[in-house]
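Some notes on the structure that comes next.
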Amino acid sequence: MTRIVEGRSYHCGAIARRLRAGQRTPEAHRHLRMMFASSRECRAWIDDDGELLALGGVIATLASSRGAIWLAVSEEATKRRVAFVREAWRQLGICTAGLNEIDAVVLHGDGAALRFARKFGFEPNTEAADYDSIVADGFTPMLLRRGA
């Protein structure tokens, strides 16, 4: 059994040490801290042993109809695929309620993350909103549009 809790700043360092090989970069901790600080909402997925499995958030103002989501996934979470996908669907619906357009970013060359984003309806987008102050080079912008 796992649980979802409010994300805390110390989760950034914890997940940076547990990231999947495709997401692990020397700048990962710094990027996670920047995204965490910019998020209106952040959630952590924790197992019964207290191990952090994933950390994600939504970057948007409360009045905005467009926002960006981010997700950092541990190697351990990839071993629980069904539970992870089910919880990700649930959290996507909760965290992005009220948003008509949702941007996401995927590391270049991270095929698993790209497939995951496409499974949720995201498509590559060259017209993504300007999140340059938050997201670094080396990412592919993705967009999910919902019916207004």
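The values are calculated or read from the model by the stated rules, or taken from the named source; none is laboratory data. Since this is a predicted model, take the numbers as computed values, not measurements. Cβ placement follows ideal geometry from the backbone for every residue including glycine, while neighbour counts extend to all protein chains displayed.
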Next item on the list: Select from the range 15-36 the residues that are of a type outside the set (D, E, K, R) and assigned to a loop (DSSP other than H, G, I, E, B) and write down the one among them that is nearest to V105 (Cα to Cα).
Entry: Q23
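Let's see how each residue does on (1) surrounded by 18 or more Cβ atoms within 10 Å (Cβ to Cβ); (2) on the phi > 0 side of the Ramachandran plot; (3) at pLDDT below 85; (4) touching a Cys at 6+ places or on another chain (Cβ under 8 Å):
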| residue | (1), (2), (3), (4) |
| --- | --- |
| L71 | yes, no, no, no |
| V85 | no, no, no, no |
| R90 | no, no, no, no |
| F122 | yes, no, yes, no |
| D137 | no, no, yes, no |
| P141 | yes, no, yes, no |
| L144 | yes, no, yes, no |
Notebook entry, point to check: Looking at (1) assigned to a helix (DSSP H, G or I); (2) loosely packed, with under 13 Cβ neighbours inside 10 Å, can you tell me which one C12 breaks?
Noted result: (2)
Notebook entry, point to check: Does the range 15-35 hold any residues that are surrounded by fewer than 20 Cβ atoms within 10 Å (Cβ to Cβ) and closer than 13 Å to V58 by Cα, and which are they?
Noted result: M34
Notebook entry, point to check: Could you give every pair whose Cβ atoms fall below 7 Å, whose first residue belongs to the range 78-90 and is closer than 12 Å to W45 by Cα, and whose second residue is of a type in the set (A, V, I, L, M, F, W, C) and outside any helix (DSSP H, G or I), counting only separations of at least 6 or pairs across chains?
Noted result: E87/W45
Next item on the list: Check the range 7-23 and report whether any residue there is out of contact with any Asp or Glu (no Cβ under 7 Å at 6 or more places or on another chain), at pLDDT 90 or above and β-branched (V, I, T).
Entry: yes
Notebook entry, point to check: Does at least one position in the range 49-64 carry a residue that is crowded, with 19+ Cβ neighbours inside 10 Å, farther than 18 Å from A117 by Cβ and at pLDDT 90 or above?
Noted result: yes
Item checked: Residues satisfying the stated conditions in the range 75-91, i.e. polar (S, T, N, Q) and more than 13 Å from the chain's Cα centre (by Cα) -> T78
